[in-house]
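Below is one structure; the comments refer to it alone.
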Amino acid sequence: MKKFFLMILMALSLTSVLSANELFKSGVTASYYADKFHGRKTSNGEIFNMYQLTAAHKTLPFNTVLKVTNLANGKSVQVRINDRGPFVKGREIDLSKAAAVKLDMIKSGTAKVKLEIVSGKNSTSSSAKSVAKKAQNLDPNERWDIQLGAFEQKANAQQLATKLMKAGFKNVIFQNVKSKGITRVAIRNVPTDEVQGILDNLENKGFTDYFVRERAKTTNSDAK
């Protein structure tokens, strides 16, 4: 009987760990890169090893750990972000060959996946109420920030902010999160009834990586 209860406790513990992962995106396309880049430097200065469980993403901070699940077969793998990419339209993440093997996507080359943030500088707290992709069920009495990127290098944040302003978006700001050493780029202080319209406009203009979150408790500065 004691062993039975221990098994139940272990199962409950595992469930709580799995449910703690933060959903980032689902239904996006993953690809993988291998031999051609093996041994080259990644964007964070490491040497790319296609046999390690790493990945490239355009905006997530380096060392973010993601759980990637192949929606076609349910297989999952955890990878660490250490590179930038993919730069092919319609693709969200570029996995190492080892990660692609774990997901059984070598033959297909790409796969529809779900991405969950396990840990990293971009992971939000429960109080942030971040919402990926959709503006449904948002409190009509709240104000929101639409985050477009989080960067360790201010120059990269500046580049994204400039693109947003050139595309006609207003109230583009930098949010300096000193405790995490990152700079976020966001469209600030958006009323609930305007959120979906801005998201649609962002999608139409090619800005597909974003979070919707409650007004951030960070140091804001206008992008120039």
The stretch 19-119 - Debye-derived log10 I(q)/I(0), Cα point model, q = 0.23 Å⁻¹: -1.25
Whole-Å distance, taken between Cα centres, linking the stretch 161-193 and the stretch 35-112: 27
Cut-off under 5 Å, modelled amide H: who pairs with R143 long-range: R215
Of K58/K166; K41/K112; K58/K205; K170/K205; K112/K163, those spanning more than 25 Å from alpha-carbon to alpha-carbon: K41/K112; K112/K163
For the stretch 19-119: relative contact order, % (alpha-carbon pairs under 8 angstrom, 6 or more apart): 43
Set of aspartates and glutamates near K114 by C-alpha distance (under 20 Å), chain-local residues within fewer than 8 positions excluded: E22, D83, E92, D94, D104, E203, D209
Highest average packing first - 182-191, 195-204, 89-98, Cβ atoms within 10 Å: 182-191, 89-98, 195-204
Among 23-31, 164-172, the order from most to least packed when residues are scored by Cβ within 10 Å on average: 23-31, 164-172
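Values in this text are rule-based calculations from the coordinates and carry no lab data. What you see is a predicted model; the values in this text were computed from it and never measured. Please note: Cβ atoms are built from the backbone with ideal geometry, for glycine as well, and neighbour counts cover all protein chains shown.
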